[in-house]
Amino acid sequence: MTQLTNLLDKDPAQLVAYCAELGEKPFRAKQLLRWIHQFGASDFDAMTDLAKSLRDKLASRAFIAAPAVISDHTSSDGTRKWLLDVGHGDAVETVFIPEENRGTLCISTQAGCAVNCRFCSTGKQGFSRNLTVGEIIGQLWMAEFALRQAKGIEPGPKGERQITNVVMMGMGEPLLNFEPTVTALKLMLDDNAYGLSRRRVTLSTSGVVPMMDRLSQECAVALAVSVHASNDALRDSLVPLNKKYPLRELMAACRRYLEFAPRDFVTFEYCMLDGVNDSDQHARELIALVQDGEAPVPCKFNLIPFNPFPESGLKRSNNVRIKAFAKVLMDAGIVTTIRKTRGDDIDAACGQLAGEVQDRTRVQERMQKMAEYQQKYGRDFGRIVEISS
Ligand code: SF4
């Protein structure tokens, strides 16, 4: 029996090759790309400008499907989170954050994560596997058309786009799943697919230095780096990858990246941990790190109030401390923002992507899934985390 091909796995060049295998001309690939990524089509019969013979061929050899939705929650602030089944008991999350002038989708690139940052609930799950291209781009595909459907907006290039920005900041370290991540990025940027500008697509890394260099050559999008510490001893304890690529090497890689990047700064993410990395002295060390006289790194800082989760043993810095920390950075001329916590009531805030499994319509299935995940990730999996103000 022929194995069916998921066309979401194919980038534009691969679709041309696939059409050639079927004895079809290259322009068919462009048509397919538009039907899939601009109209959200999954039914070949709906692709009315393809010959009936081609539609029949496709129906017998291919399919178009994103990972199945296990749960779909919308927070009181409009943040929407999907938990997606990627098979073998693994689930990943996709979060949509609406703002006044843009809609940002945060997507995952791996099931679990091997980097094991101390403050991250995903890291505590351990690494399960890399997502495929179809599972990565499928998150954008599924979310864009679900959001349009909810608002009654027609699919197709004329309908108002709901997702204007994408951040790869969900589960996983994208640069440790390099090829599928880059292929998915290329689809996001392609004019026959989503047509997003490089400035509106941000990849966030914990600092896989050689892959940052490769990304700058293969698909330079905006870059965010999870820095979280101001010196190597502290960063070694928070982001274990630092032992392999310490801060000096990481800063040098940022500078190299900026020669090719669509933005002229790197965003440094900094999770604010009470009594761990949040003193004025830490802020001054950060300034010295990025304003190194010989080789400064043009940057802005995004301070992230930590979202506590069971067993982390860490606490969120209080608001007064976070503001004081930001002031030290800003007084040194560094643009600094404090991230608003969104979607707290649905566990969608940053670092909480360990999820809650809920499906109101299929209680049996939900209970079974929950039992599986709890066996795999521990009995606290799925608990709503309470955030102190
Ligand atoms: S913060 Fe990112 S890199 Fe670190 S463990 Fe979590 S998902 Fe992995």
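The values are calculated or read from the model by the stated rules, or taken from the named source; none is laboratory data. These figures come from a predicted structure and were not determined experimentally. Don't worry about glycine lacking a Cβ; one is built from the backbone with ideal geometry, like all the others, and counts go over all protein chains shown. All accessible areas refer to the heavy atoms of the entire protein, side chains included, with ligands and DNA or RNA removed. Shrake-Rupley method; radii C 1.70, N 1.55, O 1.52, S 1.80 Å.
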*Residues with amide H under 5 Å from that of residue 299, placed H, sequence gap 5 or more*: 266
*If the limit is 25 Å between Cα atoms, which of 25/57; 151/300; 124/327; 81/340 go over it?*
151/300; 124/327
*Rank 82, 35 by accessible area, highest first, at a 1.4 Å probe radius?*
35, 82
*Roll a 1.4 angstrom probe over the protein heavy atoms and tell me the percent of accessible area of the chain that is carbon or sulfur.*
50 percent
*To the nearest 10 degrees, how steeply does helix 27-37 sit against the main Cα axis of the chain, on a 0 to 90 scale?*
60 degrees
*How would you order 242-248, 160-166 from highest to lowest mean count of nearby Cβ atoms within 10 Å?*
160-166, 242-248
*Under the rule of -39500 (n - 2.57) per DSSP H run of 4 or more residues, summed and divided by the residues of the chain, what mean residue ellipticity at 222 nm is obtained, to the nearest 500 deg cm²/dmol?*
-10500 deg cm²/dmol
*Provide the per residue accessible area, probe 1.4 Å, for segment 1-145, rounded to a whole number of square angstrom.*
42 Å²
*Rounded, prolate or oblate: which fits segment 45-181 when a ≥ b ≥ c are the square roots of the eigenvalues of the alpha-carbon gyration tensor, with rounded for a/c under 1.5 and prolate only if a/b beats b/c?*
oblate
_Of 51, 91, 35, which is farthest towards the positive pole of segment 8-149's charge dipole, taken about the Cα centre with +1 and -1 on the beta-carbons of Lys, Arg and Asp, Glu respectively?_
51
*Evaluate the distance, in nm, between pseudo-label points positioned 7 Å from the Cα of residue 244 and of residue 330 along their respective Cα→Cβ axes.*
3.7 nm
_With every protein chain left in place and a probe of 1.4 Å, what is the accessible surface of residue 276, to the nearest 10 Å²?_
40 Å²
*Quick one: grab the alpha carbon gyration tensor of segment 1-116, order the square roots of its eigenvalues as a ≥ b ≥ c, and give me rounded if a/c is under 1.5, else prolate or oblate depending on whether a/b is larger than b/c.*
prolate
*asked:* Could you give each residue of segment 161-178 its phi-based ³J(HN,Hα) in whole Hz, using Karplus coefficients 6.51, -1.76, 1.60 with θ = phi - 60°, and x for Gly or Pro?
replied: 5, 8, 9, 9, 9, 10, 10, 8, 9, x, 5, x, 9, x, 6, 8, 10, 5
_Out of all DSSP beta bridges in the chain, what portion is antiparallel? Express it as a percent rounded to 5._
45 percent
*Provide Rg over Rh for the chain; use the alpha carbon set for both Rg and the Kirkwood Rh (inverse mean inverse pair distance).*
0.98
